[in-house]
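Everything on this sheet refers to the single structure shown next.
Only the coordinates and a few stated rules stand behind these numbers; no lab work does. Everything numeric in this text was worked out from a predicted model, so none of it was measured. Cβ atoms come from the backbone with ideal geometry, glycine included; neighbour counts cover every protein chain shown.
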Amino acid sequence: MAVKNENGGADELWVENKIAGKSITLAAMSEDASSYPPIEPTNFDLIVLGTGLPESVIAAAASANGKTVLHLDPNPFYGSNYTSLSLQDLSSFLISHSAPPPLSPPSAPSDGHDFTLAALAARPLFSHVEISSFAPDVLGEEHSRKFNVDLCGPRVLFCADKSVDLILKSGANQYIEFKGVDASFVYNENGKLTSVPDSRAAIFKDKSLGLTEKNQLMRFFKLVQQHLGDEGGGENESGNSRISEQDLESPFVEFLNKMRLPPKIKSIILYAIAMADCDQDNVEVCEDVLKTKDGIDRLALYNASVGRFPNALGAFMYPIYGHGELPQAFCRRAAVKGCIHVLRMPVIAVLMDKCTGHYKGVRLSSGQDLFSHQLILDPSFIVQLPLASSPPGLGSVKRKVARGICITKSSLRPETSNFLVVTSIRALQIGSDLALLNAAMDSLLTLPESAHPESSTTVHSENSAEEKPTVLWKALYIQELTMDHFDSISSTPMPDGNLNYNNILHATLKLFQKMYPLEEVFPETASPENPEDNNEFSLEI
């Protein structure tokens with residue numbers, strides 16, 4: 001789990017006006033489906049339902065390759081499960097998407113046509129939603145809209161990772177402003193925040209590290225640098241061979257133990273730099289044990305990220321107006337290439353060929369039928385196919401991730417404008433579902449004794465002399481991870497439990513290449529329609 005906190009208010013969420021361009025269509029939908037204006041044309045290479053990050057990347061990549069793309073979303077905003085919302089809108093979204101949908105009618109033939117109708121149903125991907133407001137007078141409707149809360153957070157981007165390279169290559173960087181993360185900390189079992197050094201100079205200046213710890217850390221980083229720079233497989237200047245193949249295939253935590261690194265340094269390397277996902281010390285329980293070779297690669301990524309951009313001196317950055325800006329940026333890029341976007345447009349059924357059972361198109365709630373060669377679905381939707389027509393292997397890969405969001409009266413680090421805190425995973429594995437999140441919040445924060453916390457803004461921890469900020473508002477929820485595939489209908493991945501987008505974008509690009517094996521993702525082309533295209537990021541200091 002990680003916590004991101006930033007002082008100051010956030011701008012309100014932009015919805016439809018964020019997407020502009022002569023090639024984009026935004027239909028103003030009324031409550032009466034029969035009054036929906038028809039969409040022209042009616043035949044496309046690709047129809048995409050949902051404007052989450054994976055769907056938006058695929059729509060933009062397909063449009064960049066000259067495909068005709070129709071991008072639909074039943075929501076009045078962009079982003080789907082990757083959106084950023086105000087507190088009130090976030091609460092409404094979670095509650096509405098955690099209730100079982102009404103039963104849809106079964107698949108039925110369509111008289112006079114060569115296709116049958118397979119109902120498209122929504123499925124709840126959120127559960128155990130707990131939303132608490134301890135300061136309704138402070139966070140009323142007016143003030144709640146000053147917050148942009150990430151539904152898929154917390155997340156950051158390594159300045160040098162593949163997701164940033166993809167944003168640059170696609171040209172989506174023109175539509176996003178980023179801000180560098182000023183500092184990173186590890187929250188340890190003793191209730192202390194340990195700073196994460198991002199350079200040799202930072203290691204020497206860090207007063208929380210003793211001289212012995214600094215020397216151990218420097219020797220470790222020196223070995224890693226020599227290993228990465230030794231492509232010939234020879235010996236380093238100390239006379240020691242580069243990291244052995246046996247060590248590279250072993251768990252990273254075992255290699256760190258072999259290097260005799262103290263627990264504090266191990267936690268920094270494993271969870272704040274290598275971004276390990278679970279308790280690496282408990283190899284028998286951990287489902288994703290980080291190998292040494294992967295850990296070394298992540299250290300190299302961290303090192304390459306530090307100082308890559310002039311205004312982001314650290315290793316991490318994030319979209320300043322929320323991660324919902326990322327799918328919107330790709331939607332903008334797709335619009336420039338001719339993609340048609342329509343919000344508030346429900347799809348009620350999928351058209352299946354009567355003879356072959358293959359996908360043909362979709363039916364809108366207005367009754368209009370649209371056709372395409374391929375269909376991409378937001379994972380919130382599922383096609384209700386008869387069992388007899390379901391091919392072998394049709395199904396879902398399901399896991400779950402617990403998320404928590406808190407707004408506090410004060411900051412964990414008042415002297416730092418924004419920062420990232422990675423908690424001690426090992427200390428928090430005490431139960432299932434929301435018990436983990438509650439334990440994390442209790443260790444970092446305190447709940448007010450009454451509904452009006454203004455009278456007491458901080459409470460002293462029993463294990464620490466430091467004060468803990470008071471929670472004004474919190475949301476806890478469980479989100480499912482699911483991804484389906486069926487013929488020319490594919491479902492994109494839900495936000496995972498990682499801090500970055502690497503696995504999500506890897507699965508997204510793999511899906512695109514499966515759909516269009518002969519096409520390059522975002523081919524290099526000149527952009528005469530926008531002379532401002534460049535490979536620079538816009539970052540705020």
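The length gained by stretching the chain between residue 411 and residue 384 to full extension, at 0.36 nm per residue less their Cα-Cα distance, is 5.0 nm. Note on residue 399 and residue 304: the model spin-label points, each 7 Å out from Cα along the C-beta direction, lie 2.4 nm apart.
Here the range 251-311 is treated as a sphere whose radius is the Kirkwood value from Cα pairs; by Stokes-Einstein at 37 °C and 0.692 mPa s it diffuses with a coefficient of 271 µm²/s. Rounded to the nearest whole Hz, the Karplus-based 3J(HN,Hα) values (6.51 cos²θ - 1.76 cosθ + 1.60, θ = phi - 60°) of the range 136-147 follow the sequence x, 5, 7, 10, x, 4, 5, 6, 5, 7, 7, 9, with x at glycine and proline. Stretching the chain fully between residue 146 and residue 506 yields a gain of 126.3 nm (0.36 nm per residue, less the alpha carbon separation).
Among the trypsin sites (Lys or Arg not before Pro) found in the range 239-281, those both in a DSSP coil and sparsely packed, with 15 or fewer other Cβ atoms within 10 Å of their Cβ, are 260.
Applying 1/(1 + (r/R0)^6) with R0 = 45 Å to the Cβ-Cβ distance of residue 138 and residue 98 gives a FRET efficiency near 0.95. Summarising the overall dimensions of the range 134-174 from its C-alpha atoms, the Rg and Dmax are 16.6, 46 angstrom.
Listed by chain and number, the lysines placed with their C-alpha closer than 19 angstrom to that of residue 360 are 67, 514; residues fewer than eight positions away on the same chain are left out. Between residue 260 and residue 513, what's the calculated FRET efficiency when r is the beta-carbon distance and R0 is 30 Å? Round to 0.05. Here the calculated transfer efficiency is 0.10. The lysines whose alpha-carbon is closer than 19 Å to the alpha-carbon of residue 409, local same-chain residues fewer than 8 away aside, are 4, 146, 468, 474.
Averaged over residues, the count of other Cβ atoms within 10 Å places the peptides 324-332, 178-186 in the sequence 324-332, 178-186, highest first.
Reducing the range 253-276 and the range 347-374 to their Cα centroids gives an inter-centroid distance of 52 Å. Length gained on full extension, residue 488 to residue 226, computed as 0.36 nm times the residue gap minus the Cα-Cα distance: 89.6 nm. Between residue 215 and residue 355, the distance separating the two model label sites (each 7 Å from Cα on the Cα→Cβ line) works out to 8.1 nm. On the principal axes of its alpha carbon atoms, the range 276-347 extends 48, 39, 21 Å, with the longest extent given first.
3J(HN,Hα) along the range 311-327: 9, 10, 6, x, 8, 10, 8, 8, x, 5, 9, x, 6, x, 5, 5, x Hz, from the Karplus curve 6.51 cos²θ - 1.76 cosθ + 1.60 with θ = phi - 60°, whole Hz, x for Gly and Pro. Close amide H contacts of residue 420 (hydrogens built in the peptide plane, cut-off under 5 Å, sequence separation of 5 or more or a different chain): 183, 184, 185.
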